[in-house]
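Trainee: This is the structure, below, for whatever I ask next.
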Amino acid sequence: MVSTGIVLLSAVTFSGCSRSTSKNKVPGKSEVMKYVEELCPSEDVDYDVSNGKGQYYGEKQVIYNYSSHERDLDFEVIATTSRDGYITFLWSPVIKENYHAAIRVFYQDEIESVLDKHDATFDIKKYTTSFFEKNATNGLHENIKLYIDSYQKLLEAVDFCYELNSIYSAEETYNTKTWMEDNPLALVYVTLTNITGNYNQINTVKINGNDDYDVIYNELTHFYKQALYDGLIYDDMVLDDTDMHKSKLSITLDGRAVERNDINGNTSVDAWKPEDFVAKYDYEAGTYYLPLNPYIDSNRNPLLLQLYIECAGGDLKDYSKSATKFTIGSEKYVIDMDYGNVDSRSYINGFTLKKDGNEIDLSVLEKKYEEQYIYWISIDDMAGIFDFDYSIDEENETVDLQFK
């Protein structure tokens, strides 16, 4: 199957939730205990037994005051209820916590020293004042923004991210590397402002406490040089473009440019624009990848799968939320969808493609949640499925799919 900034607070805020099945009832002690075991599986924590069942703040909220036996860290877990949408008489049990925010507070002094050190270059503290307030934004993936207009500033951004990473590396004393990867201290958005067009170029660095200097340096310098090679930013630096490739190529079909109706049908909603229909280059794999939406919903998604099938002379047989069936020549294909949940909402977690009953192994780029309906499949795998040859012209930034 194919699978796919920082908050510093003087008083920590709450993030995360867990719902149980029974309505209008606060989660019980056993549910809270199980939730906390999953929340911090490695750190030895316990709630204050002097509070008995927790502190009651009204009929629909119970607060458990937790503390670590390994360090000076306190946090709260709240068993409460949340209204189901606009139906006021239905409430679902919810468990909230501020464990992650408490961890940020634990490292606050060290993080503030890094902010102070680099503030003259990036004017960081102007954008992070709310991080120190009681009602700062909830959630794990808080962020800090660095605005870059030169390669020299980019190198300082590398230092900044590395220094934060070095601070968070101490968290391995209390939690595993895997946990830290899933629960970063911050997401740092490195934004290039010396742009030639209308859109800023942004790269996200996850402060996971695991990456060393070289990893961060290679990621950010490649990001900058790639933007320069693509003509998206200006800089008078001499660029060594050996082994570099255009990050995106416009896709043409038998020499024809893609039009709006090709990918949006007759719907009034533009899921994609023709300029979005591009091939992406992946340096690790050394090849380009084409977009594909395995799940068909003409009211929401670009009609990429339908377009490939039509160009290949195939036939779309049937589609539903769980599966899509089509034929190319005498070969029968079935795409089976697998679903997951984020914030109580269903999304495509992966899919399986079978040809004549046999599963096909596909090379797929790592999937982003915001691209939940789109997967990027290697151009060779796509050529094998939809029976086309292709020619790549990086100088003119195009790839032409030539269907047989």
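Trainee: With respect to PHE122, is the statement that it is at pLDDT 90 or above, buried (at least 17 other Cβ atoms within 10 Å of the Cβ) and touching a Leu at 6+ places or on another chain (Cβ under 6 Å) true?
Mentor: Criteria met by PHE122.
Trainee: Follow-up question, since we're still on this one. Looking only at region 301-315, filter to residues that are under 12 Å from TYR373 (Cα atoms) and in contact with a Phe, Trp or Tyr (Cβ under 7 Å, 6 or more places away or on another chain); which one of those is modelled with the lowest pLDDT?
Mentor: In this case the residue turns out to be ASN301.
Trainee: Whether any residue in region 139-146 is surrounded by 19 or more Cβ atoms within 10 Å (Cβ to Cβ) and in contact with a helix residue (DSSP H, G or I) (Cβ under 6 Å, 6 or more places away or on another chain) is what I want to check.
Mentor: yes
Trainee: Exposed (fewer than 15 other Cβ atoms within 10 Å of the Cβ), at pLDDT 75 or above and within 27 Å of ALA170 (Cα to Cα) - does that describe any residue in region 87-96?
Mentor: Scanning region 87-96, I find no residue that is exposed (fewer than 15 other Cβ atoms within 10 Å of the Cβ), at pLDDT 75 or above and within 27 Å of ALA170 (Cα to Cα), so the answer is no.
Trainee: Let me ask something else about it. Taking the condition farther than 19 Å from ASP230 by Cβ and hydroxyl-bearing (Ser, Thr, Tyr), does TYR162 pass?
Mentor: Taking the combined requirement at face value, the residue satisfies it.
The values are calculated or read from the model by the stated rules, or taken from the named source; none is laboratory data. Note that the coordinates shown come from a computational prediction; the quantities given were computed from them, not determined experimentally. Glycine also receives a Cβ, built like all others from the backbone with ideal geometry; neighbour counts cover every protein chain displayed.
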